[in-house]
Every structure is written in C-alpha cells, then in structure tokens.
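See below for the structure under consideration.
Read-outs throughout are calculated quantities, based only on the coordinates presented, and are distinct from any laboratory measurement. Note that the coordinates shown come from a computational prediction; the quantities given were computed from them, not determined experimentally. Here the Cβ positions follow ideal geometry from the backbone for every residue, glycine too, while neighbour counts run over all protein chains shown.
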Amino acid sequence: MLDNTLWYPYTQMKTATKYPTVEKGQGEFLYLDDEKEVVDGLSSWWSTIHGYNHPKLNSALSKQLLNFSHVMLGGLTHQPAENFAKKIVEITPAGLNHVFFSDSGSVAVEVALKMSIQYWANQGEVNKVKFLSLRNSYHGDTFKAMEIGDDSDFQESFQHALNKGFYLNTPTGGFNATETELKDDFDALERMLSNHGHEIAAFILEPIVQCAGGFKIYSPLYLNAASRLCEKYKVLLVFDEVATGFGRTGKFFAAEHSDIVPDIMVLGKALTAGYLGHAATVTKSKVFNAFLGTSYEQAFMHGPTFMGNPLSCAVGLESIEVFNDENYLNKINHITSTLKNELNHFKHPEVLCTKVIGAIGVIEVKDQESLSNFREYALQHGVWLRPFGKYLYTAPPYIIGEKQLLKITTTMKNWFTIKT
Ligand SMILES: *Cc1c(COP(=O)(O)O)cnc(C)c1O
C-alpha cells in the first residue's frame, strides 16, 4: 500500500503497492531504497536530459539562488529572464521572436490557445474560438489541453464534461510516407479547414512524433501541407514541442525535420533540464504584433505567478549552453544508432512493432497485458522504466553511457524472450 497522505499521479491509490524511494540521483543513475542503483530509462518524463546532479547546472542554480530566487515579472524585469528569452529565440527556428514564460507545459499550451483566440479577436474575428488537433494527441492535463487532446487514458473520466473541438486522423505511412501516400490526409485536412476554418483559431499538433499519445511517427511532408493550408484558410499553426523539443527526435526541435516554422511553438519538460518546472510559448512577430495597440484590452491577458522564475531561467540557460558546447546532437545520434541496432529487428509473437526516432525507443505490444509487472521486473534488473498502455519505451538522458543504454534495451527485450 502507498501512504495515503501523498496523492500520486495516474495512480489507483487503493491497489498500488509501495513505490521505491529515490535517495539520490547521479548522472544516468537513480539510487533507490538502500542505495539500489538503477539506470534511468525515462529522463523523468522527458525532462532530465543531462541526467541528475549535473555540476554545471547545479552551479548556475546556486549562483542565482544566492542572488534572488524569485521576483514577479509584472512590472519588474531581470537578467535571467531576458537572457533566457534571447537564447530561446536564438535556438528556435528563425522567425520565432517572442517568448512568453509559464510554469508548466500544460499552462504553456493554454497560453498558446488563449493567444490564438485573442489574436483573432483583436482583429475583429470573434467566431474563431475552436481548435483543430490530431487523433491520439496528448497536450497536457489542464482543461482546454484535455479538450484538444484525444487520449483516452488521460481523459476517459472527464469525457462527459469536455467541450471537444475538431480532430483529424494521425497522418498515415510513418516518417517516410510519400506525397501520394499522404494524399487522403491532405484532402481531409483541406476539407476540414474549408468547412470549419471560419470557426477554428488554431491547428495544434506535436510535430513528427505524438509522444504520450502512443509514439505515432509521421512525415515532415504533413507539416508542409499543414502550414500551407493553415495559411490559406487563416488558421494559426501551433507546434507543441513540450516532449519533442531539445533533441528528443534527433533534431534540436522536431520542426527542423521540415523547414516549417509554426506561428507558435510550445516548449516545456527539458526546457529546464528537469531542475524546475518551467515552460515557454514562443511566437512569430505576426502573432505578437496583433497584441500591440493603445488599449489595455488588446494586450495579452495572462500572467502566471512564477513566470520567468529566475532560478528556472538560470538553469534553463545553462542547460542550453551545455547542450551546444558538448555537442548533444552528436550524443543523440549515437543513442539513435544503438537503439536502432537493438530494437529495429526485434521480433516476438507478443510484439506488434518497434519504433526508433532520435532518443526514443519503443516496443509496441499487441495486448497491454503483455506488459503487466514489467516495471517490477525492470527494477530487479537495475533499470527504471514505466510502460503505459501498449508501449514499452525508453527516452534516456543524453549523457547515458553505451553500456547502460544496452542494459536498458536488453532488459526490454529479455522481458519477452526470457521471462522469469
Ligand atoms: C507533458 C506534455 C504536456 C504537459 O506538460 P506538463 O508540464 O506536464 O503540464 C503538454 N504537451 C506535451 C506534448 C507533453 O508531452
């Protein structure tokens, strides 16, 4: 039994058995009860890309801590937030020039949605208040984020309370799909936008990989079509890169698999390397400029208490420095090759398919029962992994050593081949 005082996420508190206690983190390792060492295969929900207890990140954080840990951004400003915003503009695709901070990915998604609605309202278009998104998408757990999502695991209990918008199927054919294979998806998108464009404020999607929505990978060509058609039917294009950003798909941002720059890009999770909760909604000047005017009402009406928190900004800035200085894209490339070698050819009667992109490796099973008790099995073998639904996946910290990565993939495969 779990302690009933602390209410855990996505957990049936009545039946869950006691969770392991983390006593320390170091590099790619977590140390659980009584110093048991396990290798972290999940980067704490895609966030701890540098592993744990990183000296440079620790030092950036301590330095800021001794200066001031927080100050409101309403009516005051500070260097950490200004520098971090500048750095984000520098690393995101050209054209994304303005950064609005918030405290979590879900809130940053809400910010993108509110911005989209007000963007149109400021131009007199008050009927554009709905959203288009993809089937199987996950965009966060707050209310509107749930409404634009389509992931039954997260929303089942709220279906009756949700005011849903419009959805399109996840594009078919995987990463290498051709224009011809995607024709039906392009047509469906055009039909949707020509019928409903007048009431849709924005089309939001995770570029290239729908992560928590089930690791569905699709072609960059779809992003081209989305960009062209959104422009044609006057709908804003929003990329949710909360999970895909910061190298996870093999590019700094998943958008870079194409040459499309969205109107709005949402960042979170690895933005602060797992040190503190922070997120950013980054926009083109076209969006930002629609909020300029002489009236207060035209300004963007949002302001989380902890937006631009100096500790988050200081550690986020250092995280990007380390990412670039130590050529993390190269490290990610090595992870991709190892994951491909290990998983691409793996076959088993219970396994439907395997998928690898960037630093994500997935074994998808036919029946989710195949994965029950995997978590305990992996812990016994010194690996921290937590499958969900039909997906046994790893998204390791980028600093992981080859030997430890092999330990993760071997544990994933052994579960099927030498069950004990
Ligand atoms: C995790 C996630 C979110 C929500 O971020 P939180 O920080 O958990 O609120 C939004 N979008 C995507 C794609 C995510 O993976």
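Estimated purely from DSSP H runs of n ≥ 4, each contributing -39500 (n - 2.57), the mean residue ellipticity at 222 nm for the chain is -10500 deg cm²/dmol once divided by its residues. What pairs from LYS251/LYS407; LYS18/LYS251; LYS331/LYS366; LYS331/LYS407; LYS130/LYS390 go past 27 Å between their alpha carbons? Violating the 27 Å limit, Cα to Cα: LYS18/LYS251; LYS331/LYS366; LYS130/LYS390.
Hey, if you drop one equal point scatterer on each alpha-carbon of the range 303-391 and run the Debye formula without solvent, what base-10 log of I(q)/I(0) do you get at q = 0.18 Å⁻¹? Log10 of I(q)/I(0), two decimals: -0.91. Applying the criteria of a DSSP loop state and at most 16 other Cβ atoms within 10 Å to the chymotrypsin sites (Phe, Trp or Tyr not before Pro) of the range 284-367 yields PHE291, PHE346. So which aspartates and glutamates pass the test for LYS87, namely a Cα distance under 15 Å, with those fewer than 8 places away in the same chain ruled out? Leaving aside aspartates and glutamates fewer than 8 places away in the same chain, those within reach of LYS87 are GLU318, GLU321, ASP325. Pairwise alpha-carbon distances in the range 149-224 exceed 21 Å for 36% of all pairs. Beta bridges assigned by DSSP with both partners in the chain are antiparallel in approximately 70 percent of cases. Could you list log10 I(q)/I(0) for the chain at q = 0.09 Å⁻¹, which the Debye formula gives when each Cα is one point scatterer? Reported log10 I(q)/I(0), two decimals: -0.56.
Classify the range 1-151: rounded, prolate or oblate, from the alpha-carbon gyration tensor (a ≥ b ≥ c, eigenvalue square roots; a/c under 1.5 rounded; otherwise prolate if a/b is larger than b/c)? Because a/c hits 1.5 or more and a/b fails to exceed b/c, the range 1-151 counts as oblate.
Test of understanding: ordering HIS50, HIS98 by Cβ neighbours within 10 Å, fewest first, what list do you get?
With the fewest neighbours first, HIS50, HIS98 line up as HIS98, HIS50.
In terms of other Cβ atoms within 10 Å, LEU385, LEU76 run from fewest to most in the order LEU76, LEU385.
Residue ranges 229-240, 22-33 sort as 229-240, 22-33 when ordered by packing (mean number of other C-beta atoms within 10 Å per residue, highest first).
Directionally averaged projected area (the range 163-303, Cα convex hull): 10.0 nm².
Pick out, in residue order, every one of the GluC sites (Glu not before Pro) in the range 111-178 that is DSSP loop and has at most 16 other C-beta atoms within 10 Å; say none if there are none.
GLU125
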